[in-house]
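The values are calculated or read from the model by the stated rules, or taken from the named source; none is laboratory data. Treat the numbers as computed from the prediction; the structure is a model and nothing was measured. We place every Cβ from the backbone using ideal geometry, glycine too, and count neighbours over all the protein chains shown.
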Ligand SMILES: [Ca+2]
Ligand SMILES: [Ca+2]
Ligand SMILES: [Ca+2]
Ligand SMILES: [Ca+2]
């Protein structure tokens, strides 16, 4: 997979809107119909839901619904992330807030019909990270369970290793900026995606100045090792303030596209859309050659020819 070629297209594409300030978008197929739906956290502590009424290649989002399925106001500055943390086949929600806490909403519905239980603050060993908790969820050490890395207002990412398993999360004490991750100034908002397609997760971390810094993973899927490679690479750009990036293949062409929440201080907010414009490889040409015969087919063919020969020679001589 080539390195991505992001190109800014528009803000708030496909019917997305940003009713509150400090957009913090994320995408997940919450209703299991094969397309990515959108959630966007905002400054008032609410999480808006946008159902994808298009399809996996042609997104179209319905109007915002605030805190659906049992999700709730988390105070100030909601930053949602979704993952099946308990391995029961449906996506559960973690939502960070301004006070630095992370609220867990267990999905007690199913993969097609989400229903979230009441919020639990900092469960499974998670702890307060200071201010402006921005959770990102990824199996960063490749051991089969999801780990949390929570960005905070000081500009750091706090790592909570999952020492439980794929069904029973249990997080170790937080460690700051492990594996070579670094301070991005303030208002760290991390996202993890295998941007180069080399089998390990790279980090792209937004900050208060509106930039997204790329930390290339030069380790591997089991042993991450990040190095700061620069900001706003691959065609990404500054989004004014409070960059909150997320990556999803929204157009179904096999590469990850970028959406970055951003805010013009206390006045307006938007989600900037940067699709990866790499052209997907063409499908392989159809094969016209006669397929090779299996040993069984070859044997049957030989027997058939022998039979025809016998019939011609002995049954109907001449
Ligand atoms: Ca969907
Ligand atoms: Ca679940
Ligand atoms: Ca893990
Ligand atoms: Ca794509």
Notebook entry, point to check: Which one of these is more than 27 Å from residue 275 (Cα to Cα), surrounded by fewer than 22 Cβ atoms within 10 Å (Cβ to Cβ), more than 16 Å from ligand 3 (Cβ to nearest atom) and within 19 Å of the chain's Cα centre (by Cα): 75, 70, 89?
Noted result: 89
Note to self: Exactly one condition in (1) modelled with pLDDT of 95 or more; (2) away from ligand 1 (no atom under 11 Å from the Cβ); (3) in a loop (DSSP other than H, G, I, E, B); (4) surrounded by fewer than 24 Cβ atoms within 10 Å (Cβ to Cβ) is false for residue 21; which is it?
What the structure shows: (1)
Check: Within the set of pairs 6 or more residues apart or between chains, which connect a residue that is farther than 18 Å from residue 184 by Cα inside region 220-237 to a residue that is part of a strand (DSSP E or B) with Cβ atoms less than 6 Å apart?
Finding: 224/217; 234/6; 235/6
Note to self: Looking at 166, 131 in this structure, which one is under 25 Å from residue 21 (Cα atoms) and away from ligand 1 (no atom under 16 Å from the Cβ)?
What the structure shows: 131
Checklist line | Among residues of region 142-192, those that are surrounded by fewer than 17 Cβ atoms within 10 Å (Cβ to Cβ) and either within 16 Å of ligand 4 (Cβ to nearest atom) or part of a strand (DSSP E or B) (or both), counted | finding: 2
Margin query: If the requirement is being in contact (Cβ under 8 Å) with a residue 12 or more places away in the chain, within 16 Å of ligand 3 (Cβ to nearest atom) and touching a strand residue (DSSP E or B) at 6+ places or on another chain (Cβ under 9 Å), which of these qualifies: 94, 14, 8?
Written below: 94
Check: What do you reckon, is residue 59 within 16 Å of ligand 1 (Cβ to nearest atom), buried (at least 17 other Cβ atoms within 10 Å of the Cβ) and part of a loop (DSSP other than H, G, I, E, B)?
Finding: yes
Note to self: So for region 115-125 (the condition being under 18 Å from the mean Cα position of the chain (by Cα) and more than 16 Å from ligand 4 (Cβ to nearest atom)), does at least one residue qualify?
What the structure shows: no
Next item on the list: Inspect all residues belonging to region 139-153 and state whether any of them is free of Cβ contacts under 8 Å to residues at least 40 places away in the same chain and more than 17 Å from the chain's Cα centre (by Cα).
Entry: no
Notebook entry, point to check: Which of the residues that make up region 199-212 are more than 16 Å from residue 257 (Cα to Cα) and either assigned to a strand (DSSP E or B) or touching a strand residue (DSSP E or B) at 6+ places or on another chain (Cβ under 8 Å) (or both)?
Noted result: 200, 207, 210, 211
Next item on the list: Could you check how many residues of region 243-265 are more than 16 Å from ligand 1 (Cβ to nearest atom) and over 20 Å from residue 137 (Cβ atoms)?
Entry: 7
Item checked: Breaking point among (1) closer than 19 Å to residue 106 by Cα; (2) more than 16 Å from ligand 2 (Cβ to nearest atom); (3) in a loop (DSSP other than H, G, I, E, B), for residue 136 -> (3)
Check: Can you tell me how many residues in region 111-126 are in contact (Cβ under 8 Å) with a residue 40 or more places away in the chain and over 14 Å from residue 169 (Cα atoms)?
Finding: 9
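Would you pick out the residues in region 24-38 that are in contact with a helix residue (DSSP H, G or I) (Cβ under 9 Å, 6 or more places away or on another chain) and either under 11 Å from residue 78 (Cα atoms) or in a loop (DSSP other than H, G, I, E, B) (or both)?
Initially, region 24-38 is screened for residues in contact with a helix residue (DSSP H, G or I) (Cβ under 9 Å, 6 or more places away or on another chain), giving 30, 38.
Passing the criteria: only 30.
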